[in-house]
Ligand code: IPM
Ligand code: MG
């Protein structure tokens, strides 16, 4: 098959890790006989520098015309001036909003050989396998009024937390469908003891729960959820929550996986890809940011970007085998002890590799699957 992929590397370590994901994509293409037509475009800080806009019109067009998007990261100290007209992050937010990618799926698993890389006690995290579904196009990130102004008594600012019942329902439905193919448990997270928008969230969540009686539903408050994620992470299967809560909880949850450098994500809407066997159009990105402190040094962990590509194969392109080839290669590379600096441990006699070196291991294992001796963890 022939697929069109938009490649948006962005800023910081974005280009480095995206380059590695593209190497893996080419390996898969050769091995499984697919052609990938890649179209690279500017987004974020680099786009501001070159065009004045964090999401130039041409980038949006490239993204719209693709079957899926491979995204790196945006942002950096160079564009951090609070008085600046626009910010790199605005490019990513506009992309999510314009493409109506309202459901952000962030799977968190603790690889058995990375358990030591997390500061959390091993018995708590071994076997963690959860999926956060974060609402991505509503809430505090987008609603108006959203502004800053000055009064006689000083500076003021406002952001608005608005949700419609349709926005709440559709993201919960994504969660229920995922839970059905997993452990059949869904946790809806809100702050219904304080926020009006959360009381609507809970009301709608209770209605959608009644329509999904085969799934066990629990409702918890976001502050308690932050605590339970550390105290009893294994109890969670699918967590569904609004935009801002999801942003915060997924950075926290990444600690369970040993490093932010491990976590992929998929952002989906409702647009179907018009190709046989394919599913929904989506944007795939590592959840780590642009990590400007290590950018350009070949030190970043490329596994989140590579796993994001694996998610794209499975969730958007319907290429299950290709996705599994990536997952198996990632698992066995970790089991063989290869580590970038974010997950490296001297005591465990790990083999330290750089960004490119880690990807060499992955590619070698995709090309020679007999090297994946280690069975895939359940
Ligand atoms: C994320 C990031 C983004 C967000 C930033 C870069 C705008 O933190 O994807 O989690 O807040 O959504
Ligand atoms: Mg975030």
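First measure r as the distance between the Cβ atoms of residue 166 and residue 364, then evaluate 1/(1 + (r/R0)^6) with R0 = 45 Å and state the FRET efficiency to the nearest 0.05.
0.40
DSSP beta bridges in region 119-257, what fraction antiparallel, as a percent rounded to 5?
25 percent
Contact order normalised by length for region 126-170, with contacts defined as Cα pairs under 8 Å and 6 or more residues apart; what percent is it?
35 percent
Hey, how many Å between the Cα centroid of region 51-91 and the Cα centroid of region 302-378?
28 Å
What is the fewest-to-most order of 79, 149 by other Cβ atoms lying within 10 Å of their Cβ?
149, 79
Out of all DSSP beta bridges in the chain, what portion is antiparallel? Express it as a percent rounded to 5.
40 percent
When 89, 167, 211, 276 are ordered from fewest to most other Cβ atoms inside 10 Å of their Cβ, what list results?
By the 10 Å Cβ count, ascending, the order reads 276, 211, 89, 167.
How much of the DSSP bridge set in region 1-155 is antiparallel, in percent, rounded to the nearest 5?
Around 45 percent of the beta bridges assigned by DSSP in region 1-155 are antiparallel ones.
Could you state the per residue volume, in Å³, of the convex hull enclosing the Cα atoms of region 165-237?
About 76 Å³ per residue, rounded to a whole number.
Mean residue ellipticity at 222 nm from the helices of the chain, using -39,500 (n - 2.57) per DSSP H segment of n ≥ 4 over the full residue count, to the nearest 500 deg cm²/dmol?
The per-residue figure over the chain is -11500 deg cm²/dmol.
Taking 8 Å as the Cα distance limit and 6 or more residues as the minimum spacing, I'd like the relative contact order of the chain as a percentage.
It comes to 20 percent, rounded to a whole number.
In what order do 46, 220, 306 fall by count of nearby beta-carbon atoms within 10 Å, going from fewest to most?
220, 46, 306
Can you give me the pair-distance distribution of the chain, C-alpha pairs, 20 Å bins, whole percents?
Bins of 20 Å from zero give 28, 60, 11, 0 percent of pairs.
Which of rounded, prolate or oblate describes region 116-272 when judged by the alpha-carbon gyration tensor and an a/c cut-off of 1.5?
Verdict is oblate for region 116-272.
In nm, what is the difference between 0.36 nm times the number of residues separating residue 51 and residue 216 and their Cα-Cα distance?
54.5 nm
Since every read-out is calculated from the coordinates, none of them should be taken as a lab result. Computed from a predicted structure; not experimentally measured. Note that each Cβ is placed from the backbone with ideal geometry, even for glycine, and that neighbours are counted across all protein chains shown.
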